[in-house]
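Laboratory data are not the source of any read-out in this text; all were calculated from the coordinates shown. From a predicted model like this one, the values you see are computed outputs, not experimental measurements. Neighbour counts run over all protein chains shown; Cβ positions are idealised from the backbone, glycine included.
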Amino acid sequence: MCGIVGLHLRGERLADRTGDLLARMLAQVADRGPDSAGIGLYGDDELTYPGWSTVSLLSRASPERIASDLALPVTCPDPVVRAVADVRTISADLPVGDLVAAVRASLDGLVIGSGEHLAVLKGIGSPVDLVQSFALPSRHGYQAVGHTRMATESAVTLAHGHPFSVRPEMCLVHNGSFSNHDTVRRELRARGVQCETDNDSEVAARFLGRCLDEGNDLEKSLRLLIERFEGFFTLLVTTETQFAVVRDRVSAKPAVLAETDDWVALASEYRALAVLPGLQDAHVYEPGPEEVHLWTRQ
Amino acid sequence: MDATVTGAATGTAVGTATGPAIGTATGAEQPPGLRLDLAEVPLREANDALRALPDGARAELLNPAGRHNLAVGLTTACEVTIAGPAGYYCGGLGERASITVDGPAGWGVGENLMSGTVRVRGDASQSVAASAHGGLVVVEGQVSLRAGISLKGGTLAVGGDAGAFCGFMAQAGTILIGGNAGDGLGDSLYEAVIYVAGTVRSLGTDARVEDLADEDVERVKQLVEVCGFDHIDPGNVTRIASARQLYHFATHNHDAY
């Protein structure tokens, strides 16, 4: 069992409450995943320095140490580094691919997210405590996803936690388990796509990343995933502009969607939606088996 | 199929709890009875208080906010209203009680019901009335997947549409769908009977459409009256029951194993 929550704002009205709302939603699904939790937050100006690229790195090094060790081109201004629990977010005035390469080349630690808008935070322990260590209630943004994990397929480590972000701006959170992930992992490896953990959900993220790299849009990529993957899944996949939900053919894992003029939200359980302002006027429904539900921010 | 959970009234604008006055009178003018505000009273205490209600008493749960396990395991003929959305397993494992959810309900509402009534004045999620041995579960809106799974003698009535795999392996009892049924209706049915007022997207393995007899019409007529479903014409429903081809192993299938 795991818990998924996500919030996609359609305007700016609630942007300064996004972190608080996600924290409240996550607390409602804490029982579904008490061993670890993670979030992906889009558009928090503190975590992602506006106009620059940001890499989220699993590291306990001091920001000063990271700033001095990170090898950037001499023309590049000093990076902005922040420490949030076991994650360091590193912003620099470079294309995102160049920054990821520089971080990998000169720093220890696993890259868990990248993009101009996206910051990823992960932790082990009680989700309710973790959102406080992330200072989530005071954060803002235009889109956010969260995951509470009860590990069934692989170890409880920071690297095995969700969300999986294997491509700039993309996040995937998963409730369920894939039964053919080793087969797909081998197929991906044969095409030059390497996984960094033995987690089944990472394989789905890598598969989607590969589909997107090949020029498919997100909806098509999710349809290809439905065809290729076996097992149980409710997936929430986000990019800097999109918010998409799919479930397996028997809908073994729960999902409830709600929509208002101000936001779209997904949660494993209704009680996590109950914290949202305006829910009484929302269109609340369950996504059906093998349907792709996708929203694009204008 | 898009099994919706619309009509999501949140439990707002409710009064504060008025103390543990348990109403014993019956009739329309009776006092509101026990009121428990779940924003203040822990769930276990609330359920204990409901289980202590005598026959004929009334109670109301305020601010349910989608909490799980509301009003489970009640064994007296009390009336409980849940003033807003309920979470998983609401009213399950109950006998004799009459429970109303004023909002949508989550997975497994009325699960393993023995007798009494659970009514949802909204939509319900998956596995409504799963394994219910007796009693009546009424959902006025739509239901998601696997409604009436493994039904063991209870009755399930749905005003709207039902999602896929409704009535899966249902052993005994009655399912009425006032709207349309999704894929795999009645898969691996035993002796439960399903009536559908709308269309059936597909039948499951070993389910078949049968002729509607006078007894069926009477059965549906009584049920829609109890439920207040005036949009269903009892003489114009489809009866689905087991073809009983899965009851015994057929030796000509031996090679398949």
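Looking at the square roots a ≥ b ≥ c of the eigenvalues of the Cα gyration tensor of the stretch B:90-197, which shape do they give, rounded for a/c under 1.5, prolate if a/b is larger than b/c, or oblate? Oblate is the answer for the stretch B:90-197, as a/c is 1.5 or above yet b/c matches or exceeds a/b. Cβ crowding within 10 Å, taken as a proxy for footprinting-reagent exposure, orders A:Ile66, A:Ile4 from fewest neighbours to most as A:Ile66, A:Ile4.
Sequence neighbours fewer than 8 away in the same chain don't count; with that in mind, list the lysines whose C-alpha is under 25 Å from A:Lys220. Within the straight-line cut-off, A:Lys220 pairs with A:Lys253.
Quick note on the stretch A:213-298: its Rg to Rh ratio, both from C-alpha atoms and Rh being the Kirkwood radius, is 0.98. The gain in end-to-end length when the B:Leu246 to B:Arg51 segment is fully stretched comes to 66.1 nm, 0.36 nm per residue minus the alpha carbon separation.
Beyond 23 Å, what share of the Cα-Cα pairs of chain A is found? Please give it as a whole percent. Percentage above 23 Å: 51.
Placing pseudo-labels 7 Å out from each Cα toward the beta carbon at B:Ala77 and A:Arg249 gives an inter-label distance of 4.9 nm.
Annotation: average projected area of the protein assembly as shown is 28.4 square nanometres, based on the convex hull of Cα atoms across all directions.
Along its principal axes, the stretch A:49-116 has C-alpha extents of 28, 21, 19 angstrom, given from the largest down. Defining a contact as two alpha carbons under 8 Å apart and six or more residues distant in sequence, what relative contact order in percent does chain A show? Normalised by residue count, the contact order of chain A is 24 percent.
Placing a label point 7 Å from the Cα of A:Asp69 along the Cα-to-Cβ direction, the residues of the stretch A:98-130 with a backbone N closer than 19 Å are A:99-114, A:122.
For chain A, excluding the exposed loop sites themselves (trypsin sites (Lys or Arg not before Pro), DSSP loop, at most 15 other Cβ atoms within 10 Å), the longest remaining stretch covers A:61-190. In a reduced charge model with +1 at each Lys and Arg Cβ and -1 at each Asp and Glu Cβ, chain A shows a dipole moment near 420 debye about its Cα centre. Stretching A:Ala135 away from A:Met1 to a fully extended chain increases their span by 45.7 nm, per 0.36 nm per residue minus the current alpha-carbon distance. Each pair of Cα atoms in the stretch A:91-205 enters the Kirkwood radius, and Stokes-Einstein at 25 °C and 0.890 mPa s then converts it into a translational diffusion coefficient of 157 µm²/s. Evaluating kT/(6 pi eta Rh) at 25 °C and 0.890 mPa s, with the Kirkwood radius of the stretch B:35-256 over Cα pairs in the Stokes-Einstein relation, gives 141 µm² s⁻¹.
Per-residue ellipticity at 222 nm computed for chain B from its helices equals -2500 deg cm²/dmol, with DSSP H segments shorter than 4 residues left out and the rest contributing -39,500 (n - 2.57). Projection of the Cα convex hull of the stretch A:140-278, averaged over all directions and equal to a quarter of that hull's surface, yields 8.8 nm². Just need the relative contact order of the stretch A:49-116 here, percent rounded to a whole number, with Cα pairs under 8 Å and 6+ apart. Once normalised by length, the contact order is 50 percent. With contacts taken as Cα pairs under 8 Å at a separation of at least 6 residues, the stretch B:35-256 carries a relative contact order of 10 percent.
If you plug the beta carbon distance of A:Glu219 and A:Asp35 into 1/(1 + (r/R0)^6) with R0 = 30 Å, you get a FRET efficiency near 0.40. Listed from fewest to most Cβ neighbours within 10 Å, the set B:Phe249, A:Phe164, B:Phe168 follows the order B:Phe249, B:Phe168, A:Phe164. As a proxy for reagent exposure, ranking A:Thr239, B:Thr155, A:Thr54, A:Thr296 by other Cβ atoms within 10 Å from fewest up yields A:Thr296, A:Thr239, B:Thr155, A:Thr54.
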